[in-house]
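Nothing in this text is a laboratory measurement; each read-out follows from the coordinates by a stated rule. Every value quoted in this text rests on a predicted model; they were computed, and no experiment measured them. Virtual Cβ from ideal backbone geometry, glycine too; neighbours counted across all protein chains shown.
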Amino acid sequence: MLSNTCKYALRALIYLGKFSKEDKRIGIKKISEDLHLSSPFLGKILQSLVKQKLLVSTKGPNGGFSLAKKASDISLWEIVTKVDGEEFFTNCLISLEPCKSHDPSKPLCPVHSQYEMLRKEIRSFYQETTLEVIGQDIDKYEDLVKL
């Protein structure tokens, strides 16, 4: 399960991938209003993403945030692992520890084999899906998709 912080980061980066340009940064107030998110909480998340080198920020009247790289170069994987770590992709479905830490002398959990296949598909989806792809999908379903 992704944390709320990670979900907000994903939403903000998708939004910025769609609407910001290298020469046009978007202010925190506009982002938080459009996404219906708490401005102070979102501000902390965005500053963390600046430190992670996913965003750039500029202060001042024309300041704001924009992507640090092209939308085609930022995958969901990169965002999730920088915000939440890799646990989402490595933890056992019913245990509290990563499958990679499994003691080989003990049996695997009852869902391990089936979940491992799904986990690989999920990992591939996150690694292969970029902000650019999502932006294109939003264009296709603009009436349905609300960030």
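Numbers at a glance
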read-out	value
Pair list, Cβ < 7 Å and 6+ apart or interchain, from the range 1-20 residues that are under 15 Å from residue 34 (Cβ atoms) to residues that are assigned to a helix (DSSP H, G or I) and of a type in the set (Lys, Arg)	none
The lone exception for residue 84 - which of (1) touching a Ser or Thr at 6+ places or on another chain (Cβ under 8 Å); (2) farther than 28 Å from residue 116 by Cβ; (3) surrounded by 12 or more Cβ atoms within 10 Å (Cβ to Cβ) it fails	(2)
Pick from the range 1-46, criterion among the aromatic types (Phe, Trp, Tyr) and closer than 18 Å to residue 67 by Cβ, ranking: surrounded by the fewest Cβ atoms within 10 Å (Cβ to Cβ)	19
Of all residues in the range 1-46 being under 13 Å from the mean Cα position of the chain (by Cα) and among the basic types (Lys, Arg), the one that is nearest to residue 63 (Cα to Cα)	11
Candidate set from the range 47-66 (those that are of a type in the set (A, V, I, L, M) and over 13 Å from the mean Cα position of the chain (by Cα)); member that is surrounded by the most Cβ atoms within 10 Å (Cβ to Cβ)	56
